[in-house]
Amino acid sequence: LSFANQSSSLLLSCCPFFCLLSALAMSPSTVIVGLNGALQKRFILGEGSSLVPGDVHRATDIQFGVGGKGQDVSISLSCLNYPNVNIAQFVGSGYEGDLVLDLLKNRLGESAATSLTTRTKSPMRTCTTIVAKDMATELVEPSGTVTETEKDKFFDILESSVKDATALCIMGSTPPGLPEDMYANICKTIASPNTLCLVDSVTGLQHILSVLSNKQGLLKINASELCKLVAVKKSSSEAGGIKLQELEKAVKKFFEKYKNAKEALTGLALTDGEHPSHLVSIDKEGYEIIQIDTPVLDSAATLYPVGAGDSVAAGTLACWKTTHYKDNSLGHDFTKEISKRIEKNTHGSELTRALEASFALGLACGSASCLCEENSVLQ
């Protein structure tokens, strides 16, 4: 993995605290919340084949894996050998649910995959990716409904198993049957004022922001999501890159809409597909927007972008937590590269420098995951 390149002159100064990193330090517990998981089915078309609506398509291979944003984050963290991660999730019934749980056990280990899991009576949904030479097309099934009893069991497990998680990652939408403030209630249940909280969801966002304080949150969404959230019209399609003027307008309107965001969040990490990403760093003086290039991939290679955004979240969270706790959870090689990145920079506060390095590592992870067929797996 190579770090995303800084495209502007906003470079960060050296960060002396990395000299104090201990190779023996243990990372405290990290909880990934993935309430809307799925069985991921990949329908692989023949080499050179394109997807043509209305035509008959025959697969050369069928593959099964784990789907769902929280599940994808957990898998990417396992690829980074990041320790002490547990996934809080609902897993549906039937063969599909059993297979998802088995796949997660193989990836994460028995305890990480099952200790915070609640099984539901509703079947596990299947999401299908049709992989052609030039694109991947997603077919997403609806989720089953979670009952009140299943929701209560979920919280019983959290309360008995997790005490003040040091990092929390909230991912994606919620299945039917859950209240709008579900994620906020999870935060209140297992997070302390010192818990780092990465949010990759707009579900119940106002409720989430209301329970976060002391800039403990980082909102990671894509630029198109941000524009929709604050009703700013983009001049290009969702896949097209956002113009800087549009981004600045959307960020301004975000802070106008969510009055408590500057207190709850330390920044916004805004992805934009293959186009440059932007970090909005928040401090007591206001905020600044820093542009970061996305690593370039070989255009001739077959790419598998499903789950790439979740790999971005995983890498960002892992690095953010490593810099915050000054530990060595990412291992010596990653810690060394993080230190190099920060030492090259001459701008911003210590927090801004750490956030920029964290988001850059996340973008590198997202690009690397596009080279592997399985969702959010990276080498």
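Here are a few things to note about the model shown:
- In this calculation the C-beta distance from Thr147 to Gln379 is compared with R0 = 41 Å, giving a FRET efficiency of 0.55.
- Label-to-label distance, nm, for residues given as Ser349 and Asp298 (7 Å Cα→Cβ offset): 4.3 nm
- Kirkwood Rh (inverse of mean 1/r, distinct Cα pairs), region 32-72, angstrom: 12.1 Å
- The C-alpha atoms of region 210-352 occupy a region whose extents along the principal axes are 45, 44, 29 Å, arranged from largest to smallest.
- Above-threshold pairs, the threshold being 30 Å between Cα atoms, out of Lys215/Lys326; Lys151/Lys234; Lys188/Lys284: Lys151/Lys234
- Modelled label reach - Lys121, point 7 Å along Cα→Cβ, region 134-175 residues with backbone N closer than 15 Å: 144-153
- Sorting 291-304, 115-128, 357-370 by their mean Cβ neighbour count within 10 Å, with the most densely packed peptide first, gives 357-370, 115-128, 291-304.
- Length gained on full extension, Lys215 to Ser111, computed as 0.36 nm times the residue gap minus the Cα-Cα distance: 34.3 nm.
- Accessible-area composition of region 205-292, carbon plus sulfur, in percent [1.4 Å probe]: 50 percent
- Accessible surface of Lys215 - all protein chains present, 1.4 Å probe, nearest 10 Å²: 60 Å²
- Cut-off 14 Å (backbone N to label point 7 Å along Cα→Cβ of Thr137), residues of region 43-79: 43-46, 49-59
- Near-label residues of region 214-231 by backbone N, under 20 Å of a point 7 Å along Cα→Cβ of Lys249: 222-231
- Exposure rule at most 10 other beta-carbon atoms within 10 Å, DSSP loop GluC sites (Glu not before Pro): the chain longest free segment: 48-284
- The chain pair-distance distribution - Cα-Cα, 20 Å bins, rounded %: 29, 60, 10, 0
- Neighbourhood charge, 13 Å Cβ-Cβ cut-off, centred on Leu378 and excluding it, Lys, Arg +1 and Asp, Glu -1: -3
- Accessible area in square angstrom per residue, region 134-286, 1.4 angstrom probe: 45 Å²
- Region 314-379: translational diffusion in µm²/s, Stokes-Einstein, Kirkwood Rh over Cα pairs, 10 °C, 1.306 mPa s: 129 µm²/s
- For region 239-318, the Kirkwood radius over C-alpha pairs fed into Stokes-Einstein at 10 °C and 1.306 mPa s yields D = 111 µm² per second.
- Cα shape, region 176-232, gyration tensor, a/c 1.5 rule: oblate
- Helical content of the chain, expressed as a calculated mean residue ellipticity at 222 nm, amounts to -11000 deg cm²/dmol (DSSP H runs of 4 or more residues, -39,500 (n - 2.57) each, divided by residue number, nearest 500).
- Inter-probe distance in nm under a simple model that places probes 7 Å from Cα toward Cβ, at Tyr95 and Arg58: 2.3 nm
- Structure remark: mean-square fluctuation, Gaussian network model of the chain, C-alpha springs under 10 Å; the largest value among Cys169, Cys79, Cys197 belongs to Cys79.
- Within a straight-line Cα-Cα reach of under 17 Å, Lys344 can be paired with the following lysines, leaving aside sequence neighbours fewer than 8 residues apart in one chain: Lys336.
- Shape class of region 109-228 from the Cα gyration tensor (axes a ≥ b ≥ c, square roots of the eigenvalues): oblate, since a/c reaches 1.5 or more and a/b does not exceed b/c.
- Computed E for Glu285/Thr189 - FRET, C-beta separation, R0 22 angstrom, nearest 0.05: 0.05
- Looking at region 95-144, the pairs of alpha carbons with a distance over 14 Å make up 63% of the total.
The values are calculated or read from the model by the stated rules, or taken from the named source; none is laboratory data. Predicted model, so just to flag it, every value in this text is computed and none were measured. Note: ideal-geometry Cβ built from the backbone for every residue, glycine included; neighbour counts use all protein chains shown. Protein only, heavy atoms only, side chains kept; ligands, DNA and RNA dropped before computing areas. Shrake-Rupley method; radii C 1.70, N 1.55, O 1.52, S 1.80 Å.
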